[in-house]
Amino acid sequence: PQYDMDDFTKVIVTENEIRRKLDEIAAKVRDDYEGKELLLVGVLKGAVMVMADLARRLPPRVQMDWMAVSSYGSGTKSSGVVRILKDLDADLTGRHVLIVEDIIDSGITLHWLLGNLRSRGAASVEVAALLRKPDAVQVDIPVQYLGFDIPNEFVVGYGLDYAEHYRTLPFVAILKPEVYGDN
Ligand code: PRP
Ligand code: MN
Ligand code: MG
């Protein structure tokens, strides 16, 4: 493998667990949106992996669009400030939208995004998130499709980064504090 397991204290969600969970979620999404045109909205950059793997489990008429927002700097703490770095290309009027996220941490990003996308005239806006940290949530988010509740630890992998690193890991793991220092 291209990674060193010594960088991590613990694997929280394995590659196999992710695969099985995405199978389950995709089956529900296929059912729920049967006969409807679905637009997946991925939140760059963390959602890239879950978007790619979820979208490929759905019928090929599904569409993907992307937004880039930022609520974190390069550190490990949420700033609480959400900025649009890249807006959607698609017009949401009358569309069935499913926001795809890697993780709900404080909930600030998705709370803001739900409000923003709902104001654009979509027929429906729902959320799919692979991970959630119940002990970190500051704003409750209605999540239609949830993968795993995880402990309030600093995790990386499967899209989640530390300073843009570790997104490519096939699993989600707790990064050793000595790897990221004490910020
Ligand atoms: C991370 C993560 C979520 C968000 C969750 O993104 O991918 O989008 O934070 O945090 P919250 O619930 O406290 O708002 P980040 O802002 O680090 O950008 P990235 O996806 O490019 O890593
Ligand atoms: Mn993100
Ligand atoms: Mg990040």
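Please treat every number below as a calculation from the coordinates, not as lab data. From a predicted model like this one, the values you see are computed outputs, not experimental measurements. Note that we place each Cβ from the backbone using ideal geometry, even for glycine, and neighbour counts take in every protein chain shown.
Out of all the residues in the stretch 30-58, which are away from ligand 2 (no atom under 11 Å from the Cβ), out of contact with any helix residue (DSSP H, G or I) (no Cβ under 7 Å at 6 or more places or on another chain) and in a loop (DSSP other than H, G, I, E, B)? Those that are away from ligand 2 (no atom under 11 Å from the Cβ), out of contact with any helix residue (DSSP H, G or I) (no Cβ under 7 Å at 6 or more places or on another chain) and in a loop (DSSP other than H, G, I, E, B): Tyr33, Glu34, Gly35, Lys36, Glu37, Arg56.
List the strands (runs of 3 or more DSSP E) inside the stretch 74-183, counting only whole elements, that have at least 1 residues being touching a residue at least 12 places away in the same chain (Cβ under 8 Å), crowded, with 16+ Cβ neighbours inside 10 Å and touching a Lys or Arg at 6+ places or on another chain (Cβ under 6 Å).
96-104, 124-132, 145-149, 172-175
Yes/no matrix, rows are residues, columns are (1) among the hydroxyl-bearing types (Ser, Thr, Tyr); (2) closer than 21 Å to Ala26 by Cα; (3) within 15 Å of ligand 3 (Cβ to nearest atom):
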{"site": "Thr109", "(1), (2), (3)": "yes, no, yes"}
{"site": "Asn116", "(1), (2), (3)": "no, no, no"}
{"site": "Val127", "(1), (2), (3)": "no, yes, no"}
{"site": "Leu130", "(1), (2), (3)": "no, yes, yes"}
{"site": "Lys133", "(1), (2), (3)": "no, no, yes"}
{"site": "Ile150", "(1), (2), (3)": "no, yes, no"}
{"site": "Asp161", "(1), (2), (3)": "no, no, yes"}
{"site": "Pro177", "(1), (2), (3)": "no, no, no"}
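Would you mind stating whether Ala90 is more than 15 Å from the chain's Cα centre (by Cα), closer than 18 Å to Val69 by Cα and away from ligand 2 (no atom under 13 Å from the Cβ)?
Spelling it out, Ala90 is indeed more than 15 Å from the chain's Cα centre (by Cα), closer than 18 Å to Val69 by Cα and away from ligand 2 (no atom under 13 Å from the Cβ).
Among residues of the stretch 51-73 that are over 19 Å from His96 (Cβ atoms), those with a Cβ under 9 angstrom from a residue that is polar (S, T, N, Q) and exposed (fewer than 15 other Cβ atoms within 10 Å of the Cβ), sequence gap 6+ or separate chain, pair up as Ser70/Ser79; Ser71/Ser79; Tyr72/Ser79; Gly73/Ser79. Taken over the stretch 1-23, the criterion of being in contact with a strand residue (DSSP E or B) (Cβ under 9 Å, 6 or more places away or on another chain) and under 10 Å from Phe171 (Cα atoms) is satisfied by Val11, Ile12, Val13, Thr14, Glu17, Ile18.
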